[in-house]
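Chemist: I'd like to ask some things about the structure below.
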Amino acid sequence: MKKIGFAICFLASFLLIISGASAAGELKISLSNNDITTYIGNTTSIDVTITNNQLKSDTFSITVFPSYWYGIRVDLQDNFVSINARSSATTKIYFDTRSSDAIISPFTIAVQSINNKNINDTSMFKLTVLRKSPVFVSDIRINKYNVNPGDAINIDSYISNTALVAIGPYNIQTNLRSNEMILKRFDDRIDSMPPGSVKKLTNTYTFDKYASPGKYFVEAIVIDESGFIKSYKSSDFITVNEVNKLTKEKSVEYGLMSQAVTIKVKNEGNVVASNFYITESVPQFVKNLFYPQIEPDKEEQKDIRVIYYWHVDSLAPGQEKIIKYEVRSISIIIVFVLLLLFVMIAFKYVFSPKVVKRVKHSGSLTREKEVVVSIEVKNGSRHEIKDLIVRDFVPTIATVVEGFDTIKPSLRKTPGGTELLWRIDSLKSFEERVLSYRIKPVVEVAGTLKLPKARIAYFNKKKQKKVIASKSVWVKAR
């Protein structure tokens, strides 16, 4: 396979040389060495001298083909070089063989004017990479190259001995790296490598729950007993994916007169969470009972609830933000007691006997016009009431008209006016009775005529005497 690759590389380099031959007069490049031998793990370089034979200054681009070949990485000191007319400049090209295997590889160095593509030149360079030792890292295999935080990977390092005799011992150092930082180092020892043998070393690494996203790689190093590095090889990149995950936990502690709520928001992802809100929704009636430890940045009313917002600038992986607030129950108890009293009063009012006095009149209040007075008696309780006595009173400014549409009352004249009295044996639960009579003013009334309250006396189911009264009514002249 390497022979085929070498042939392809040589052919491509030859074609580049032919294409640049026409510009040899105006541009010339020369190398400090056209054939270099180095060892795996070293970084070597060559000097490239570029001569501008033109009558004007120019800027030239520098490229190397191939830029990466079987673990050999090419780095340029300069990608572009500006040279005065009829002058030269020298730059360097570096070849890093730390991840290379033993190989002989041609490289083509091409220089071209950025102003005129027809002005160019190429030169060929051969690099021979040798092993420092017959014992070397022949391969690194990883079971998966795309992982999430918390995943585990298996790293298999293969150590080969091409010598005809057994060699050893050797220390094998396997590192998982991120840029220049070693995340994990594994140390293995091989006491002896039989001739022509291959040993497999397996190590397992579990990425941290909050491992940063990005590119990682594995390197394996063979070190002899004297501490000299004999072989080095690195793997392809392992990608740790980006994970965005915020968790929210809420707990409540109940006290005698209050309840304390704690909200914990934690960044369980592997990247910084920034510029977000922690929210809490409470019923609207809790708003006046709400006492936060940290004041919210804003609040919003939605339907019958209030939503509070706390802004968080940033939260690092594994970091948590705590929000605490208190709902003071004593206020709730007071509100509850008041509400209960209101319900009890309302219940008593709704489910109890009632008397309502009304008048029906229009026009002026004269001796010729009658005013109709009605008294509505209703048993709103859930039990029968008995021996009802309904009393009403007409002041001397008016007289009672003979003739009644309902039960006729007994009438009694008094110095202050006329007393009307009705007797009802009983009223069953929710039963009602309407009593009515008519009056006439004895003189013309220009303003209003006040009629006093009507009263009812009755006995409840416990044979207790109760008395209730209506409101006074006013008759207005119109």
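Chemist: Quick one: D78 ticks every box in (1) outside the structural domain of S235 (by TED's automatic domain parsing); (2) in a strand (DSSP E or B); (3) modelled with pLDDT of 95 or more except a single one, so which number is it?
Modeler: (2)
Chemist: Taking the range 53-71 on its own, how many of its residues are among the basic types (K, R) and buried (at least 17 other Cβ atoms within 10 Å of the Cβ)?
Modeler: Residues of the range 53-71 that are among the basic types (K, R), as a first pass: 56.
Next, only the ones that are buried (at least 17 other Cβ atoms within 10 Å of the Cβ) stay: none.
Residues that pass the stated criteria total 0.
Chemist: Now for a different question. Out of all the residues in the range 370-398, which are out of contact with any strand residue (DSSP E or B) (no Cβ under 7 Å at 6 or more places or on another chain) and either free of Cβ contacts under 8 Å to residues at least 12 places away in the same chain or surrounded by 14 or more Cβ atoms within 10 Å (Cβ to Cβ) (or both)? Working first, answer last.
Modeler: Keep residues of the range 370-398 that are out of contact with any strand residue (DSSP E or B) (no Cβ under 7 Å at 6 or more places or on another chain), which gives 381-383.
Of everything in the range 370-398, just one residue is out of contact with any strand residue (DSSP E or B) (no Cβ under 7 Å at 6 or more places or on another chain) and either free of Cβ contacts under 8 Å to residues at least 12 places away in the same chain or surrounded by 14 or more Cβ atoms within 10 Å (Cβ to Cβ) (or both), namely S381.
Chemist: Taking the range 262-294, which residues are of a type in the set (S, T, N, Q) and assigned to a strand (DSSP E or B)?
Modeler: Taking the range 262-294 as the starting set, the residues that turn out to be of a type in the set (S, T, N, Q) are 262, 267, 270, 274-275, 279, 281, 284, 288, 293.
Correct list: T262, N267, S274, N275, T279, S281.
Chemist: Another one. Name the pairs whose Cβ atoms lie under 8 Å apart, with the first residue in the range 67-81 and touching a residue at least 60 places away in the same chain (Cβ under 8 Å), the second exposed (fewer than 15 other Cβ atoms within 10 Å of the Cβ), and 6 or more positions between them or separate chains?
Modeler: The qualifying pairs are W69/G5; Y70/K2; Y70/G5.
Chemist: Test S133 against the stated conditions and say whether it is of a type in the set (S, T, Y), more than 14 Å from E219 (Cα to Cα) and in a strand (DSSP E or B). Don't jump to the end; show me each part of the working.
Modeler: Numbers: of a type in the set (S, T, Y): yes; more than 14 Å from E219 (Cα to Cα): yes; in a strand (DSSP E or B): no.
No: the conditions fail for S133.
This table checks each residue for (1) of a type in the set (V, I, T); (2) more than 30 Å from N52 (Cβ to Cβ).
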position: K117; (1), (2): no, no
position: N120; (1), (2): no, no
position: F125; (1), (2): no, no
position: R131; (1), (2): no, yes
position: V137; (1), (2): yes, yes
position: N148; (1), (2): no, yes
position: S160; (1), (2): no, yes
position: I167; (1), (2): yes, yes
position: N171; (1), (2): no, yes
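Chemist: Okay, moving on. Among the residues of the range 339-394, how many are closer than 19 Å to L411 by Cβ, among the β-branched types (V, I, T) and touching a Phe, Trp or Tyr at 6+ places or on another chain (Cβ under 7 Å)?
Modeler: Looking only at that region, the number is 2.
Chemist: Please go through the range 295-308 and pick out each residue that is surrounded by 12 or more Cβ atoms within 10 Å (Cβ to Cβ) and not in a strand (DSSP E or B).
Modeler: Hits for the range 295-308 are P296, D297.
Chemist: May I ask you to say which residue of S13, S22 is loosely packed, with under 13 Cβ neighbours inside 10 Å, polar (S, T, N, Q), outside any strand (DSSP E or B) and modelled with pLDDT under 90?
Modeler: Numbers: S13 fails: loosely packed, with under 13 Cβ neighbours inside 10 Å.
The unique qualifying residue is S22.
Chemist: Another question, if that's okay. Could you give every pair whose Cβ atoms fall below 7 Å, whose first residue belongs to the range 199-214 and is in the same structural domain as I159 (by TED's automatic domain parsing) and assigned to a loop (DSSP other than H, G, I, E, B), and whose second residue is surrounded by fewer than 18 Cβ atoms within 10 Å (Cβ to Cβ) and among the charged types (D, E, K, R), counting only separations of at least 6 or pairs across chains?
Modeler: F207/D151; P213/E242
Chemist: Being surrounded by 16 or more Cβ atoms within 10 Å (Cβ to Cβ), among the aromatic types (F, W, Y) and touching a Ser or Thr at 6+ places or on another chain (Cβ under 9 Å), is that true of even one residue in the range 130-146? It would help to see each step written out before you state the result.
Modeler: If we filter the range 130-146 for residues that are surrounded by 16 or more Cβ atoms within 10 Å (Cβ to Cβ), which is where we start, we get 131-138, 140, 142.
So of that shortlist, the ones also among the aromatic types (F, W, Y) come out as 136.
Checking which are touching a Ser or Thr at 6+ places or on another chain (Cβ under 9 Å) leaves us with 136.
Yes, some residue in the range 130-146 is surrounded by 16 or more Cβ atoms within 10 Å (Cβ to Cβ), among the aromatic types (F, W, Y) and touching a Ser or Thr at 6+ places or on another chain (Cβ under 9 Å).
The values are calculated or read from the model by the stated rules, or taken from the named source; none is laboratory data. Treat the numbers as computed from the prediction; the structure is a model and nothing was measured. As a convention, Cβ positions derive from the backbone with ideal geometry for all residues, glycine included, and neighbour counts pool all protein chains shown.
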